[in-house]
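Input: a single structure, listed below in C-alpha cells.
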Amino acid sequence: MLGLVRGWQRRHWRERSKAERVELQTLVTWYASTWIFSLSWLALPLVGGLGRRPASAVVAGLLLLVSALQCVEANRLTRTVLDHYLGRAELPVRALRPAAVLLGLALALTLALAALGGIDAVTIRLVIGAALMPFGMLYGLVAPMGVFLRRSAVLAVVLMAAFAWTDPEPAGIVMVGVLTGFGVLFSLFTSRCGAWTLSVLWEAERAREAEARLAVAEERLRFGRDLHDVMGRNLAVIALKSELAVQLARRGRVEAVEQMIEVQRIAQESQREVRDVVRGYREADLGVELAGAQGVLSAAGIRCEVSREAGGLEAGVQSVLGWVVREATTNVLRHGDAARCDIALQADGGCVVLTVENDGASDPAGGGGSGLAGLQERLSAVGGTLEAGRIGGDVFRVTAEVPLSVKEVTA
C-alpha cells in the first residue's frame, strides 16, 4: 500500500495514460475490497457476537490479527500477481506460500472458535467467507480456471466436513459450503474480470502504438521512394555525362565544355526536384488537417466542432496553419482528458487567426512541449505568432495568427 501511495506522489493523475488510470483504479479497488470484506464480514460480526469466555476472546484476537496480516500480504502481492497475469513479469514459485499459510491459520482459528462455542454459527460462516477472500483474489489470477474451481470444490468439501464436527445440523453444513463457494467465486469474479479488462485495454494500447509506428515507417518508405525516383535517373545521367566529359577533355575536344554545362543543368534541375519533394513532404493541407482532426477526435469520443470563416488562403498560409491543427490535435489526444474541442478559423484584417480550444487540459499540454516550440519557430519564419496556455480552469487554448500573404519558405 505504501508503494502505491509513493507511486501516486511520483506521477500526477493527469500525467498517466487512460490505460494507466484504469489500472491504478483497479488496483485501488482491489486493495480496498480486501480490507472492506475483512472488516464487514469478519471484524465487526466477530467482535459483536463474541461471548464472555476468555479462551474465545484470545482465539478471536488471534483471528483478527491473522486477518489483518492476510490483507497486508494480499496488498503486497496484488501488483506482482497482476503483472504475472498480464505477462509483464514472472511470478516466483513460492510467492503465494505466505498467503496460503495465513489462510490455513485463519481457517484453523475459525474452527477452534466454533469448537469453543464462543460465537454464533452465522458469524462463523461469515468469517469463513472473509478468510477466503484475500487469498482467493490472488490465486484467481495465478491458477487456471479449471484448477481453481476444482481445488475450491475440494476445499468446500473439506470445510463442510470439518465444521460438521462443531455443528452437525445439515442446514449448517450446507451453509458452510454455500459461503465457501460464494467467497471463492466472488474473489475469482472480482480479480479475473478486472484483470481481463486491463489485458484487453493494454492490448488495444499496444495496437495503437504499433499502428502509429507503422504509419511512420510507411511515410518514410514513401519519402524514400520519391527521392529515389527523382534522384536515381538524374544521378545516373550525371555520372555518364561526367565520364563522357572527362574522355572528351583528355582528347582536347571542345564538346567537353558542353557536356559539363549539361551536367550543371541536370544538377540544378535535381536540386529543384528535391526541394519540391521535401516541400510536399513537409507541407500540410489545411482542409485535410481540419477534416482529419474532426474525424480522429470524434473517433476518440471527443466532441469536435469546426468553424471556418476564412477561405481562399494561400498555399503557404494553409501549410503553416495545417501544422498548427495537427500538433494541437495531437496534444489533445495525448495529454488531456477532453470531452470537447472547438476549432475556429477566421480572417481578422490582414491576418488569419486559428483557435483550437479544449477542456480537460493536463499539465504537460499546458507546459508547452517541443511540438509547440517547433510551431512557434515555423510561424515566426512567416511573420506569424503563436499563443498557448490555460484560459481558466482546465480549458486550454492555442491561438495562431498568420498574415494573409506570406513568403514561401524553401526547403
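Some notes on this structure:
- Of all residues in the stretch 158-197 being under 30 Å from the mean Cα position of the chain (by Cα) and of a type in the set (A, V, I, L, M, F, W, C), the one that is farthest from F37 (Cα to Cα): W196
- Look at (1) out of contact with any Ser or Thr (no Cβ under 6 Å at 6 or more places or on another chain); (2) open to solvent by less than 40 Å² (accessible area, probe 1.4 Å); (3) part of a helix (DSSP H, G or I); (4) modelled with pLDDT under 85 and you find that R326 fails only one, number (2).
- Any hit, the stretch 265-288, residues being assigned to a helix (DSSP H, G or I), modelled with pLDDT of 80 or more and over 30 Å from L248 (Cα atoms): yes
- Residue check, T29 in a helix (DSSP H, G or I), hydroxyl-bearing (S, T, Y) and crowded, with 19+ Cβ neighbours inside 10 Å: no
- Criterion violated by V72 - all others in (1) out of contact with any Ser or Thr (no Cβ under 6 Å at 6 or more places or on another chain); (2) closer than 20 Å to R192 by Cβ satisfied: (2)
- Test: residue in the stretch 89-100 that is of a type in the set (A, V, I, L, M, F, W, C), within 15 Å of A74 (Cα to Cα) and open to solvent by less than 20 Å² (accessible area, probe 1.4 Å): yes
- When restricted to residues that are among the aliphatic types (A, V, I, L, M) and open to solvent by 60 Å² or more (accessible area, probe 1.4 Å), the stretch 240-258 contains 6.
- Search result, residues across the stretch 123-135 that are open to solvent by 20 Å² or more (accessible area, probe 1.4 Å) and either in contact with a Pro (Cβ under 8 Å, 6 or more places away or on another chain) or among the small types (G, A, S) (or both): L126
- Flag if L141 is touching a His at 6+ places or on another chain (Cβ under 9 Å) and closer than 17 Å to S191 by Cα: yes
- Going through (1) within 30 Å of the chain's Cα centre (by Cα); (2) surrounded by fewer than 16 Cβ atoms within 10 Å (Cβ to Cβ) one by one, G146 falls short only on (1).
- Listed by first and then second residue, the pairs linking a residue in the stretch 118-139 that is in contact (Cβ under 8 Å) with a residue 12 or more places away in the chain to a residue that is among the acidic types (D, E) and surrounded by fewer than 24 Cβ atoms within 10 Å (Cβ to Cβ), with Cβ atoms under 9 Å apart and 6 or more places separating them unless they lie on different chains, are A121/D167; A121/E169; I124/D167; P134/E73; F135/E73; L138/E73.
The values are calculated or read from the model by the stated rules, or taken from the named source; none is laboratory data. Computed from a predicted structure; not experimentally measured. Counting neighbours? That spans all protein chains shown, and the Cβs are built from the backbone with ideal geometry, glycine included. With ligands, DNA and RNA removed, areas are computed over all heavy atoms of the protein, side chains included. Shrake-Rupley method; radii C 1.70, N 1.55, O 1.52, S 1.80 Å.
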